[in-house]
Every structure is written in structure tokens, then in C-alpha cells.
Amino acid sequence: AKQRSLRNAAAAREAEQRKNDLIVYLAHDLKTPLTSVIGYLTLLRDEPDLPPEMRGRYTGIALDKAERLEDLINEFFDITRFNLSHLELERRDTDLRRMLEQMCSEFAPVLAQQQLTVSLDLPERLHVVCDADKMARVFDNLLNNACHYAYPASTVYVRAWQEKGHVTITFRNAGATIPPEKLSRMFEQFFRLDTSRASRTGNAGLGLAIAREIVNAHGGAITAKSAQEQILFTVTLPL
């Protein structure tokens with residue numbers, strides 16, 4: 001009976017910790033769409049001579065990101081139904097090419113701040129059955145990570161291809177080589193590559209941990225490599 005009581009107490013502590021982790025996860029994820037909304041609204045304010053079609057497009061993107069913020073806030077209210085050890089996936093046929101193109105376009109203000117460009121190498125057709133919203137969160141985190149740690153005025157390379165039974169998506173940027181001892185910890189919760197820089201960007205060291213949770217739930221894998229001032233993240237998903 002005593003052992004059972006101890007096990008129950010340990011399980012309760014673990015459940016509470018997962019709940020607390022989730023709160024921090026979602027708080028971290030609020031940062032990226034908020035940054036995008038602020039970026040586009042600042043652009044609209046500072047550039048009064050923007051053509052009407054461009055103004056309308058930027059307003060639409062800002063609205064989309066604001067709605068994403070609303071979705072994330074709603075997740076807070078559903079927190080008791082969300083279990084990190086068992087992510088509920090809403091799988092549907094997803095056009096990854098379109099998703100990646102749209103995401104890179106929406107990152108325009110962030111890229112401009114660093115004088116970065118994006119090079120896309122995607123097949124004409126790239127479909128996978130997945131939870132589109134959660135995979136968008138993965139790619140958003142990886143692109144955000146690449147922008148933060150890329151050398152200014154460099155190029156971020158986003159590439160995808162399909163092989164037997166799976167699809168591979170890579171994000172590569174030029175940046176300071178990550179030492180092996182830090183590279184092995186990149187996907188740990190709360191691990192920050194550069195504490196001072198992370199605090200300025202609002203990165204609590206959770207983005208890659210979130211990405212790993214989601215990719216693993218899809219039966220895929222996510223890895224990181226770094227050598228010769230290059231940083232490469234690779235995501236593989238089953239078809």
C-alpha cells in the first residue's frame with residue numbers, strides 16, 4: 001500500500017510537471033506570431049506609401065497571425081485535456097510545399113531585419129498526411145531558429161524531397177559552429193545555446209523541444225548537425 005501511495009504521488013507530480021511544462025511551451029509559442037504581427041503593423045505604420053495591394057496583403061497576414069495567437073490562447077483553456085506524453089493529432093492531407101512557401105513569405109520582416117534571404121528548393125508536389133497546425137509550429141520554430149543564429153546578410157536554405165516511404169525537410173544557415181557538447185543538448189527543454197541572446201529574442205530554450213515532441217508524435221525524427229560554420233536541421237516524416 002505504501003509503494004502504491006508513493007507511485008500515485010510520483011504520478012501526480014509528473015502530471016503536474018507536464019501541465020506546467022505545457023504552460024511554458026504555449027507561452028513560448030505565443031512569441032513568434034506576436035513578433036510577426038508587430039513587424040507587419042510597424043511596416044504598415046512606417047510605410048504610408050505602400051501600394052494598396054501590398055498593404056492589403058500585409059494586413060491579411062497580420063490578421064492571420066493574430067488569429068493564430070487566439071488559437072494558442074484557447075489552448076491554455078484546454079490545458080487539462082492536453083498531455084505532452086500523448087499529443088492528439090488531427091491528421092489530414094497537407095501541401096507542405098505551399099505551407100513552407102507561405103511561411104517563408106510571412107517571415108519577410110524578420111528576414112529584413114537581419115538582411116537575410118531565403119532559398120527554397122522544393123518539389124512541385126509535396127503532400128503528407130499530418131497535423132498541419134502542429135507541423136507548421138515545427139517549421140515556424142526551425143525557421144525562427146535559423147533567422148536568430150544566421151550570420152547577417154547570409155542565406156537561409158530550405159529544402160525538401162521525397163524518398164521511399166518518407167519526406168525530408170532541411171533548414172540550413174551559415175552561423176557560428178555549435179560545439180558537439182551543446183549540439184547534443186539542443187532538443188532538451190530549457191536548453192539555450194546563447195543565454196544572453198536567447199533572452200533578448202524571447203527564446204526560453206523550448207522551441208526545439210516542442211518541435212521534437214511534435215515530430216516524434218508523427219512517427220518522424222528531427223536531428224541537428226553543425227560543422228564549418230554551417231547549422232543544419234533535418235526533419236523526416238513518414239508518408
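The values are calculated or read from the model by the stated rules, or taken from the named source; none is laboratory data. Being a predicted model, the structure only gives us computed values, none of them experimental. All Cβ positions, even for glycine, are placed from backbone atoms using ideal geometry, and neighbour counts span all protein chains on display.
Which residue is nearest to the chain's Cα centre (by Cα), if the candidates are limited to the range 216-236 and must be surrounded by 21 or more Cβ atoms within 10 Å (Cβ to Cβ) and closer than 14 Å to residue 130 by Cα?
Per the stated criteria, the residue is 235.
Just to check your reading of the model, which residue among 157, 151 is surrounded by fewer than 17 Cβ atoms within 10 Å (Cβ to Cβ) and aromatic (Phe, Trp, Tyr)?
Within the list 157, 151, the selection yields 151.
Here's the yes/no breakdown for (1) assigned to a helix (DSSP H, G or I); (2) touching a His at 6+ places or on another chain (Cβ under 8 Å); (3) free of Cβ contacts under 8 Å to residues at least 60 places away in the same chain; (4) more than 26 Å from residue 146 (Cα to Cα):
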site: 29; (1), (2), (3), (4): yes, no, no, no
site: 38; (1), (2), (3), (4): yes, no, yes, no
site: 45; (1), (2), (3), (4): yes, no, yes, yes
site: 50; (1), (2), (3), (4): no, no, yes, yes
site: 65; (1), (2), (3), (4): yes, no, yes, no
site: 72; (1), (2), (3), (4): yes, no, yes, no
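Could you tell me which numbered condition residue 166 fails, if it satisfies all but one of (1) within 15 Å of the chain's Cα centre (by Cα); (2) modelled with pLDDT of 85 or more?
The failed condition is (1).
Given the condition within 23 Å of the chain's Cα centre (by Cα), at pLDDT 85 or above and surrounded by 14 or more Cβ atoms within 10 Å (Cβ to Cβ), answer yes or no: does some residue in the range 65-75 qualify?
Yes: the range 65-75 contains one or more residues that are within 23 Å of the chain's Cα centre (by Cα), at pLDDT 85 or above and surrounded by 14 or more Cβ atoms within 10 Å (Cβ to Cβ).
Regarding residue 118, is this residue without any contact (Cβ under 8 Å) to a residue 60 or more places away in the chain, touching an Asp or Glu at 6+ places or on another chain (Cβ under 8 Å), at negative phi and not in a helix (DSSP H, G or I)?
No, not satisfied.
I'd like to know if the range 122-129 contains one or more residues that are at pLDDT 90 or above, surrounded by fewer than 16 Cβ atoms within 10 Å (Cβ to Cβ) and on the phi > 0 side of the Ramachandran plot. Before you say what the answer is, go through the steps one by one.
Step one: of the range 122-129, the residues at pLDDT 90 or above are 122-129.
Now drop any that are not surrounded by fewer than 16 Cβ atoms within 10 Å (Cβ to Cβ), which leaves 123-125, 127, 129.
Next, only the ones that are on the phi > 0 side of the Ramachandran plot stay: none.
The answer is no, given that none of the residues of the range 122-129 is at pLDDT 90 or above, surrounded by fewer than 16 Cβ atoms within 10 Å (Cβ to Cβ) and on the phi > 0 side of the Ramachandran plot.
Looking at this structure, is residue 29 surrounded by 15 or more Cβ atoms within 10 Å (Cβ to Cβ) and of a type in the set (Asp, Glu)?
yes
Is it the case that residue 156 is assigned to a helix (DSSP H, G or I) and β-branched (Val, Ile, Thr)?
Values: assigned to a helix (DSSP H, G or I): no; β-branched (Val, Ile, Thr): yes.
So residue 156 fails the test.
Give the residue, chosen from 71, 21, 46, that is touching an Asp or Glu at 6+ places or on another chain (Cβ under 9 Å) and not assigned by TED's automatic domain parsing to the domain that holds residue 145.
71 is the lone residue from the list that is touching an Asp or Glu at 6+ places or on another chain (Cβ under 9 Å) and not assigned by TED's automatic domain parsing to the domain that holds residue 145.
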